[in-house]
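For reference, the structure discussed in these notes is given below.
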Amino acid sequence: MLHLRGDGVTQGQLAEVAESLGIPTPVSGYCGHEVVIVGDLDEGALRRSLCRPTIACLEWKDGPGAVAAPLAELERSDGIYLSLTTGSAFAVQPAQAFRQAVETRYDLAEETSEAVEIALNEGIANAVIHGNLDMGGVPRQTADQMDSFCSVLNERLADPIRGRRRVHVWVMPAPTKLTFRIEDEGAGYRPAPASSDPARTSGRGLVLIRSLARRTWLEREGRRLAMEFRR
């Protein structure tokens with residue numbers, strides 16, 4: 001049975017989450033799976049919250065947000081789920097902490113671990129920049145273009161609607177594979193035909209992810225990227 005634990009949140013906030021998710025706070029001596037609600041999400045809090053017996057870490061930002069992953073299935077399979085705001089995903093860059101939690105739990109080969117972190121980093125960046133912030137490709141030409149891009153990026157991160165959209169990351173283990181999913185709350189994505197044009201500034205992240213994973217596919221009209229890796 002799942003239980004809630006708070007890190008930097010009040011008892012009132014924890015009780016609100018318990019009621020909305022139907023998950024009780026832990027009783028004395030409980031040692032099963034936990035859903036951790038984190039108030040001030042920095043790198044240290046993220047690493048603490050992803051350790052066993054956690055199966056889900058939800059950032060509190062005006063509430064825990066909607067839960068995209070199936071918590072009951074995560075509990076059965078000993079999966080890991082992370083939900084954080086766009087602003088935190090950009091600032092904390094959680095790919096390394098998530099990969100370390102996966103590596104600790106599932107005994108990955110070194111080359112698989114490295115590939116997973118690179119793919120997570122690219123996938124989360126895509127979810128933040130192209131999904132939730134609705135930005136185009138990163139310019140690779142002039143300094144003025146890059147300055148303009150960064151200015152718009154900072155404006156959108158500060159936007160109270162875009163900056164609080166969620167990025168969801170989770171992994172489901174199986175005996176011979178790990179399946180990761182990264183989901184944003186943007187308008188969706190339809191991949192353009194493959195191109196070798198060196199001037200093209202978008203789509204490169206997906207090309208890299210496909211070169212690292214055994215299999216990739218899109219779900220939920222492009223708002224969710226799935227990636228499969230051998231264990």
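The values are calculated or read from the model by the stated rules, or taken from the named source; none is laboratory data. Note that this is a predicted model, so its numbers are computed, not measured. Please note: Cβ atoms are built from the backbone with ideal geometry, for glycine as well, and neighbour counts cover all protein chains shown.
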Worksheet item: Taking into account only those residues within region 30-53 that are in a loop (DSSP other than H, G, I, E, B) and hydrophobic (A, V, I, L, M, F, W, C), which is surrounded by the fewest Cβ atoms within 10 Å (Cβ to Cβ)?
Response: 31
Discussion item. Would you confirm whether or not region 15-29 contains a residue that is part of a helix (DSSP H, G or I), surrounded by fewer than 21 Cβ atoms within 10 Å (Cβ to Cβ), over 16 Å from the mean Cα position of the chain (by Cα) and of a type in the set (S, T, N, Q)?
Written reply: yes
Response to the item:
If you go through 70, 64, 53, the only one that is more than 26 Å from residue 175 (Cβ to Cβ) and modelled with pLDDT under 95 is 64
Worksheet item: Tally time: how many residues in region 174-201 are touching a strand residue (DSSP E or B) at 6+ places or on another chain (Cβ under 8 Å) and at pLDDT 75 or above?
Response: 11
Discussion item. Take the conditions over 20 Å from residue 51 (Cα atoms), modelled with pLDDT of 95 or more, of a type in the set (Phe, Trp, Tyr) and out of contact with any Lys or Arg (no Cβ under 6 Å at 6 or more places or on another chain) and apply them to residue 90. Does it pass?
Written reply: yes
Item to complete: Return yes when residue 156 is farther than 22 Å from residue 218 by Cα, of a type outside the set (Val, Ile, Thr) and modelled with pLDDT of 95 or more and no when it is not.
Response: yes
Discussion item. Step by step: first the residues of region 158-174, then only those that are touching a residue at least 24 places away in the same chain (Cβ under 8 Å) and β-branched (Val, Ile, Thr), then the one that is surrounded by the most Cβ atoms within 10 Å (Cβ to Cβ). Which residue is that?
Written reply: 167
